[in-house]
Amino acid sequence: MKVVVIDDEVRTRTSLIHLIKKLYPDMEIVGEADNGQEGMVMVKDLLPDLVITDIKMPKMNGLDMIENARQVAENTHFLILSGYAEFELARRAVKLSVADYLLKPITVNQLKAAIDQIAEQIGQKQPKEEPEAESGEPSYSPMVSYMVHHMKEHYAKKLYLEDYARTLNITPEYASNLFTKETGMKFSYFLRDIRMKKAMELLDQGNMKIYEAAYFLIFSTPLEDS
């Protein structure tokens, strides 16, 4: 099971990681962050099985981080460790379907019980998820996969890299570098390729005339690279 720990208190984060490694030697701590913004990007990029997070953190609080991360990390389980027993926070956590909400200071038994329950839920889901990887498509990270699938569905609309970056809460530079690294093509070239293949498909089916395909390709493809 892959785990990410997000907490702005260094001693708390370090102690928590040490404890998890001791209790669960087979679990892999794949990342740690000291603020919600960095944590959100990390969760979307690594797609861990479990995220253990605080609520009150710099740059982005834990609940906003969970809400944004869920756009991509749909199957990730979130465990909140918070020093705040506020009703509104707990109610929002319930709406976000967090796995558990534990109040600091927590005991070893509380943490173990919560993680054991999450691990059991993950174990029950795994057999259902296995058949998914025979589609023949390249294996992308969750963020790039989201962009590619959205582009293929909405290729006829005006699509800009900046809009995807805004949706995923990452910088356009990060989105551009990640997309190019994983697909081997710049965003605008990849989009043009999708549109060209679709135009050729429509031509073959007799659903589009040559001048219509040319118009479609010229006016639906951005002139500048994004």
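Would it be correct to say that residue 84 is more than 15 Å from the chain's Cα centre (by Cα), hydroxyl-bearing (Ser, Thr, Tyr), modelled with pLDDT under 85 and over 21 Å from residue 45 (Cα atoms)? When the stated conditions are applied, residue 84 passes them.
For region 73-98, filtering for residues that are surrounded by fewer than 20 Cβ atoms within 10 Å (Cβ to Cβ) and either in a strand (DSSP E or B) or out of contact with any Leu (no Cβ under 6 Å at 6 or more places or on another chain) (or both) leaves 15.
Looking only at residues in region 137-192 that are among the aromatic types (Phe, Trp, Tyr) and farther than 28 Å from residue 59 by Cα, which one is surrounded by the most Cβ atoms within 10 Å (Cβ to Cβ)?
Ranking the candidates gives 187 first.
Taking every residue in region 58-73 that is closer than 17 Å to residue 10 by Cα and pairing it with any residue that is of a type in the set (Asp, Glu) and buried (at least 19 other Cβ atoms within 10 Å of the Cβ), at least 6 positions away or on another chain, the pairs with Cβ-Cβ distances below 8 Å are 62/54. Would you check if residue 60 is on the phi < 0 side of the Ramachandran plot, surrounded by 16 or more Cβ atoms within 10 Å (Cβ to Cβ), under 18 Å from the mean Cα position of the chain (by Cα) and assigned to a helix (DSSP H, G or I)? It is false that residue 60 is on the phi < 0 side of the Ramachandran plot, surrounded by 16 or more Cβ atoms within 10 Å (Cβ to Cβ), under 18 Å from the mean Cα position of the chain (by Cα) and assigned to a helix (DSSP H, G or I). Just one of the numbered conditions (1) at pLDDT below 90; (2) in contact with a Pro (Cβ under 7 Å, 6 or more places away or on another chain) is not true of residue 91: (2). Scan region 49-62 for residues that are over 13 Å from residue 81 (Cβ atoms) and touching a Ser or Thr at 6+ places or on another chain (Cβ under 9 Å) and the total you get is 1. Among the residues that make up region 108-122, is at least one of them loosely packed, with under 15 Cβ neighbours inside 10 Å, among the hydrophobic types (A, V, I, L, M, F, W, C), in contact with a Leu (Cβ under 8 Å, 6 or more places away or on another chain) and modelled with pLDDT of 85 or more? Scanning region 108-122 turns up at least one residue that is loosely packed, with under 15 Cβ neighbours inside 10 Å, among the hydrophobic types (A, V, I, L, M, F, W, C), in contact with a Leu (Cβ under 8 Å, 6 or more places away or on another chain) and modelled with pLDDT of 85 or more.
The values are calculated or read from the model by the stated rules, or taken from the named source; none is laboratory data. Bear in mind the structure is a predicted one, so any value in this text is a computation, not a measurement. Neighbour counts are summed over all protein chains in view; Cβ atoms, including those assigned to glycine, are modelled from backbone coordinates with ideal geometry.
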